[in-house]
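Trainee: There's a structure below that I have some questions on.
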Amino acid sequence: MPLYNRLVEFVPGTTQLVPSLAERWDISPDGKIYTFHLRSGVKFHSNKHFQPTRDFNADDVIFSFMRQKDPANPYHNVSNGTYANFNSLEFGSLLQKIEKVDDLTVRFTLARAEAPFLADLSWYFASVQSAEYADAMLKAGTPEMVDHEPIGTGPFEMMQYQKDSRIMFRAFPQYWRGKAKLDRLVYSITPDASVRSARLEKNECQVIPFPNPTDLSRLRANPNVKVMEKAGLNTGYLAFNTKKAPLDNVKVRQALSMAINKQAIIDAVFLGTGTIAKNLLPPGVWSANNELKDYDYAPQQAKALLREAGIAPGTTIDLWAMPVQRPYNPNARRMAEMIQADWAKIGIKANIVSYEWGEYLSRIHKGEHDAALMGWTTATGDPDNFFSPLFGCTAANGGGNASKWCYPPFEQLIRKARSEQDRQQRTIYYREAQQVMHDQAPAVMIAHSTIFEPVRKEVTGYEVDPFGKHIFYQVDLKQP
């Protein structure tokens, strides 16, 4: 969302972490105390409910984190917040204290050294909200306004939100970096990828995400369109619910893994825009174990493993397919059908299941699935941003760990890596963790995809973001 800033951020289109609302920071020798020196003169937006009387300060940082950490905070339960990212990173136990040193200095005391901490503060969950707005809405008896009609310090302020239709923003004149080049920004909510492409070609919109691979050649041939691309820091995978039989048996998981023809999926679903995944970490993320040997596509070996595990032919497994297009999975239904056909060859009957996206995720968090197509685009580029939220023990209980897999040898490795500051030693831990994941097979890693974002030729300054964000502060439109 262009409404907010965080203490730190990435240079658009890169993995370079730079200051944002924090101008600089100091880290104690033991890695447990972070002191952030905040930017002065930063203004908040206003709306019909609220006019700020002060600039951004340490109170806003403290409110934004304590709302998520403290169950007694009056805003903790407003809008039914679940704080999935905050909790998956174990910030509740990690953040021992957040103290206001003065208006422009805030100190975080951690329970342990945490190497990814700075990068984690670039996530959307770490966006800074106005404590003054929150206080005013609480006193007015309308605390939900903080979420329904949000304000921030970002380059654009919200004008209007129409559910399932559009979000309208306008440039914030007092933005601390200077006013954005675009006066108006509209997010037009268009779930169908082919409709998005058609609207781009008619100049009804100027930027679209997640085009259908089948539309790319036509878009490339259009002289009014530029198809921008970048290797994505993403992974599409099939998560096995390891709490449910027969998927609680590692031999069954290995058999199902080696029964999937990944190359056929890359060819048919990604149309050459993806590469086969063997690790959770994409090759572009440091510590990716590129020497690891993937399971071969071996249906006969898979059948033998199922016999060893005592699995009778005709056993049924529910295979969940997401209803939306994602960068790591452009057509989940087609992918599920191909996996269904592969599993039929080894005597497993797959029943394809789908729900609306929000319900799909909610039911997976509750553990209702057998096997579910999922995926991830890193928010930080740190390996921990893959391992902990997706396969860590904390995230297995209602969080983003769709495999519900909590395996102590793996957990110990990723915890050691999190507390270690030396990148070389962290790499050793993470490479070992990848081998453990491969051997235990809580999920089948399927693909890493290239990110494509077609834009109108009039668009200048736009960068494809490796983390999947859409950043418009630096963007302009050339006059024809």
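The values are calculated or read from the model by the stated rules, or taken from the named source; none is laboratory data. Bear in mind that the values here come from a model prediction, so they are computed numbers and not experimental data. Heads up, the Cβs are rebuilt from the backbone with ideal geometry, glycines too, and the neighbour counts pull from every protein chain shown.
Trainee: I want to confirm something. Restricting to segment 1-30 and keeping residues that are touching a helix residue (DSSP H, G or I) at 6+ places or on another chain (Cβ under 8 Å) and modelled with pLDDT under 95, which single residue is surrounded by the fewest Cβ atoms within 10 Å (Cβ to Cβ)?
Mentor: M1
Trainee: Which residue pairs have Cβ atoms closer than 9 Å, lie 6 or more positions apart in sequence or on different chains, and pair a first residue in segment 305-326 that is β-branched (V, I, T) with a second residue that is modelled with pLDDT under 95 and part of a loop (DSSP other than H, G, I, E, B)?
Mentor: Every condition considered, the pairs that remain are V324/P191; V324/F210.
Trainee: Let me ask something else. Just checking, which of S388, S449 is at pLDDT below 95 and either surrounded by fewer than 18 Cβ atoms within 10 Å (Cβ to Cβ) or assigned to a helix (DSSP H, G or I) (or both)?
Mentor: Residue meeting the stated conditions: S388.
Trainee: Can you pull out every residue in segment 393-411 that is free of Cβ contacts under 8 Å to residues at least 60 places away in the same chain, part of a helix (DSSP H, G or I) and buried (at least 18 other Cβ atoms within 10 Å of the Cβ)?
Mentor: Passing the criteria: A396, F410, E411.
Trainee: Could you list, in sequence order, the residues of segment 220-241 that are of a type in the set (G, A, S), at pLDDT below 95 and crowded, with 22+ Cβ neighbours inside 10 Å?
Mentor: G232
Trainee: Among the candidates A371, A441, single out the residue that is of a type in the set (A, V, I, L, M) and under 21 Å from K293 (Cα atoms).
Mentor: A441
Trainee: Given the conditions (1) within 24 Å of the chain's Cα centre (by Cα); (2) within 22 Å of S40 (Cα to Cα); (3) in a helix (DSSP H, G or I), report the number of the one that F125 does not fulfil.
Mentor: With respect to (1) within 24 Å of the chain's Cα centre (by Cα); (2) within 22 Å of S40 (Cα to Cα); (3) in a helix (DSSP H, G or I), F125 is out only on (2).
Trainee: So I352 fits all but one of (1) β-branched (V, I, T); (2) crowded, with 22+ Cβ neighbours inside 10 Å; (3) out of contact with any Ser or Thr (no Cβ under 9 Å at 6 or more places or on another chain); what number is the exception?
Mentor: I352 satisfies all of (1) β-branched (V, I, T); (2) crowded, with 22+ Cβ neighbours inside 10 Å; (3) out of contact with any Ser or Thr (no Cβ under 9 Å at 6 or more places or on another chain) except (2).
Trainee: Consider K244 carefully, then state whether it is assigned by TED's automatic domain parsing to the domain that holds A288, at pLDDT 95 or above, in contact with an Asp or Glu (Cβ under 9 Å, 6 or more places away or on another chain) and among the basic types (K, R).
Mentor: Criteria met by K244.
Trainee: Of I346, I339, I414, I364, which residue is in a loop (DSSP other than H, G, I, E, B), under 24 Å from Q440 (Cβ atoms) and of a type in the set (V, I, T)?
Mentor: Among I346, I339, I414, I364, only I346 is in a loop (DSSP other than H, G, I, E, B), under 24 Å from Q440 (Cβ atoms) and of a type in the set (V, I, T).
Trainee: Here is a follow-up. Taking the residues in segment 69-80 that are touching a helix residue (DSSP H, G or I) at 6+ places or on another chain (Cβ under 7 Å) and surrounded by fewer than 21 Cβ atoms within 10 Å (Cβ to Cβ) as candidates, determine which candidate is nearest to F169 (Cα to Cα).
Mentor: Top of the filtered list is S79.
Trainee: With respect to the numbered conditions (1) in contact (Cβ under 8 Å) with a residue 24 or more places away in the chain; (2) out of contact with any Asp or Glu (no Cβ under 8 Å at 6 or more places or on another chain), which one is the sole condition not fulfilled by I276?
Mentor: (2)
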